[in-house]
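> This is the structure I want to talk about, given as structure tokens.
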Amino acid sequence: MSAFLPALDFVTLVSLVCAFVVLGVSVALYQDASNSLNRFPGPYLARWTGYYQAYFDIVKDGGWLDHLQELHRKYAIKVRSSVLARMKYLHFSDPLAYGDIYSNPKSMKDPKAYGAFLQPLATLVQTDSREVSARKPLISPFFSRQAVLNNLQETITFTVDKLLHQLTANHSTGKIPANLNLAYRSTAFDIISTYCFAKSPDIVSSPAFQSETLVGLDTSLSSVKFTTHSRIIRTLASHMPDWLGTKLGLKAVLDQTKDIVAMVDETLRTSEDADSDHRTIFSSILEGVRNGEYASRRESQTITRAWLIDEGVVLRFAGSDTTSNACTIGTRCLLADPRMLEKLMKELDEAWPDKNTPVKLEILERLPYLTAVIKESLRLSHGTVSPMKRVIGAGGAKIAGLYVPEGTSVAMGNTFVHLSPQVFPEPTRFYPERWLESNSGVLEKYLVAFGKGPRSCLGVNLAWCEMYVILGSIFRKLDLKPTVDVSSPWKFKEYFLPVYEENILHVTVRERP
Ligand code: HEM
């Protein structure tokens with residue numbers, strides 16, 4: 001290059017540069033003029049570059065959701081009461097749009113967005129319908145209600161008992177407060193890890209619930225903002241040598257992956273001795289392989305060591321923070337309102353008179369107020385908070401009454417539904433009673449924490465079971481005293497899931513009589 005430059009005279013060089021600039025601008029203007037999304041309002045810059053969002057994701061550190069809200073306020077099409085903002089994709093805020101987007105069987109997950117995850121073989125990340133139908137049937141039987149009841153009730157109760165023991169032993173009145181968000185995360189993480197690998201990492205027993213494993217999960221979540229916007233970063237992150245990862249502060253993430261690899265290899269080695277009374281996901285799949293249950297070519301091609309590793313990483317991630325976030329928000333809000341807390345405790349005391357005898361899930365599931373508390377906790381924790389992008393399939397689609405052409409990337413963040421004042425009056429108020437009113441049936445459609453449609457949450461039965469047992473046991477057996485202000489609004493960063501401030505919920509505990 002340096003040998004070439006001096007050969008050009010100054011005028012030729014300037015002319016070449018100008019020609020490139022003019023060409024670039026012309027192509028961009030042409031593409032802009034022919035962009036069928038132009039009829040939707042939105043910031044001009046966002047038409048030109050996806051880095052518009054990158055600024056809010058990276059520089060404003062998880063600030064995209066707040067900005068989307070501002071955009072919807074600014075570009076509202078008031079006449080239709082349906083609100084759109086045009087970006088490289090369309091984002092909707094009319095609650096009616098949610099079902100149109102996510103229940104449409106022809107819409108697929110957007111490969112550009114889901115490529116941000118570094119586990120390309122995992123079910124959650126698949127964007128191609130053939131790949132989804134190869135992988136999902138392998139793991140979905142383990143998440144049916146019956147499978148959860150048969151395989152997991154004991155593990156859940158055992159792990160929650162450990163949680164309660166830790167809290168009473170180390171965080172009772174007068175001792176250091178517990179970070180209950182970490183405590184719930186540890187509990188859910190141990191449960192899903194046990195179900196995948198028959199081995200609990202037992203992080204719920206870590207002192208003060210501090211563990212490198214959770215640091216690893218946090219780092220993975222916060223790095224999504226980089227991997228979403230740069231293929232180069234994705235490639236580098238996938239092929240980085242360990243020493244570089246450690247230097248870049250990613251040791252906890254690398255250790256997690258090593259941990260999973262070791263557990264997958266262990267399962268591959270020992271699955272022949274699998275204990276059939278406690279079926280775990282991966283050993284059961286491998287047992288199925290040996291018994292010839294997965295005979296088709298596609299199945300045998302899917303069940304590989306690499307798939308087990310990717311699926312293991314993503315299942316642990318998908319199955320821990322979501323459930324624990326709902327428990328955290330529910331607990332925080334109950335502690336802020338003694339009337340609601342008392343109502344819940346009274347219901348639990350009546351249904352579960354002897355707290356030292358284990359309670360059956362079916363009994364907790366029948367409790368109306370506990371169920372309403374869980375729904376309200378799901379609503380205000382949202383599940384995922386980043387808008388989950390879908391690409392419109394052949395023939396286009398009608399979304400909230402508007403035609404959207406094939407190939408368009410569309411999304412609607414869960415927060416836009418859950419915080420809609422038209423659907424949920426006083427939307428930021430924690431108010432379980434709204435789920436018990438005579439007309440509450442209509443609200444169910446708008447509880448979208450688990451998503452909707454063909455790619456909605458696979459772990460919904462497990463999640464509900466965990467939330468019943470965790471919240472039921474905590475409030476039946478313990479009195480919690482918050483040591484942080486629980487009455488003010490809380491904040492989170494949008495890292496696909498909500499990531500709360502460190503002091504979202506600290507408590508000391510006392511055993512209830
Ligand atoms: C309160 C708890 C939970 C909430 C709110 C929740 C929410 C969600 C949401 C919104 C999605 C859709 C993601 C997307 O479209 O990109 C999803 C997908 C998924 N969830 Fe959950 N989840 C929860 C618990 C769990 C648990 C315990 C598991 C078990 C490991 C799990 C496993 C999955 C899987 C495998 C998918 C991918 C499904 C697919 O792509 O077809 N989730 N979840």
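The values are calculated or read from the model by the stated rules, or taken from the named source; none is laboratory data. Everything quoted here is computed from the prediction, not taken from an experiment. Neighbour counts run over all protein chains shown; Cβ positions are idealised from the backbone, glycine included. Note: accessible area is taken over every heavy atom of the protein model, side chains too, but ligands, DNA and RNA are not part of it. Shrake-Rupley method; radii C 1.70, N 1.55, O 1.52, S 1.80 Å.
> Just want to confirm a number: the relative contact order over the stretch 374-470, from Cα pairs under 8 angstrom separated by 6+ residues, in percent.
Value for the stretch 374-470: 30 percent.
> Further question on the same structure: Thinking of the chain as a set of Cα atoms, what percent of all their pairs are more than 41 Å apart?
25 percent
> Nearest 0.05, what FRET efficiency do Thr173 and Thr270 give at R0 = 56 Å with Cβ-Cβ as r?
Here the calculated transfer efficiency is 0.80.
> For the stretch 91-205, what is the accessible area per residue in Å², given a 1.4 Å probe and the full set of protein chains?
38 Å²
> Under the Karplus relation 6.51 cos²θ - 1.76 cosθ + 1.60, θ = phi - 60°, what is the ordered set of whole-Hz ³J(HN,Hα) values for the stretch 305-319, x standing for Gly and Pro?
Working through the residues one at a time gives 4, 4, 5, 4, 5, 4, 5, x, 4, 6, 5, 5, 6, 5, x Hz.
> Separate question: Counting only residues 5 or more places away or on other chains, whose amide H sits under 5 Å from the amide H of Lys109 once H atoms are built in the peptide plane?
Val391
> What is the magnitude of the charge dipole of the chain about its Cα centre, with +1 placed on the Cβ of each Lys and Arg, -1 on the Cβ of each Asp and Glu, and no other charges, expressed in debye to the nearest 20?
Using Cβ point charges on Lys, Arg, Asp and Glu, the chain gives about 1400 debye.
> Right, another one. How high is the relative contact order of the chain, in percent, with contacts defined as C-alpha pairs under 8 Å that are six or more residues apart?
Normalised by residue count, the contact order of the chain is 22 percent.
> So, for the stretch 382-513, what is the accessible surface per residue at a probe of 1.4 Å, expressed in square angstrom?
In whole numbers, the stretch 382-513 has 40 Å² accessible per residue.
> Still on this structure: Would you tally the net charge around Ala134, using a Cβ to Cβ cut-off of less than 13 Å, leaving Ala134 out, and scoring K and R as +1, D and E as -1?
Counting the neighbours of Ala134, the net charge comes to +1.
> Another question, if that's okay. Over the chain, what is the percentage of antiparallel beta bridges among all DSSP beta bridges, to the nearest 5?
90 percent
> Moving to a separate point now. Counting only protein heavy atoms and using a 1.4 Å probe, what share of the accessible area of the chain belongs to carbon plus sulfur, as a whole percent?
59 percent
> When only the heavy atoms of the protein chains count and the probe is 1.4 Å, how do Phe92, Phe56 rank by accessible area, highest first?
Phe56, Phe92
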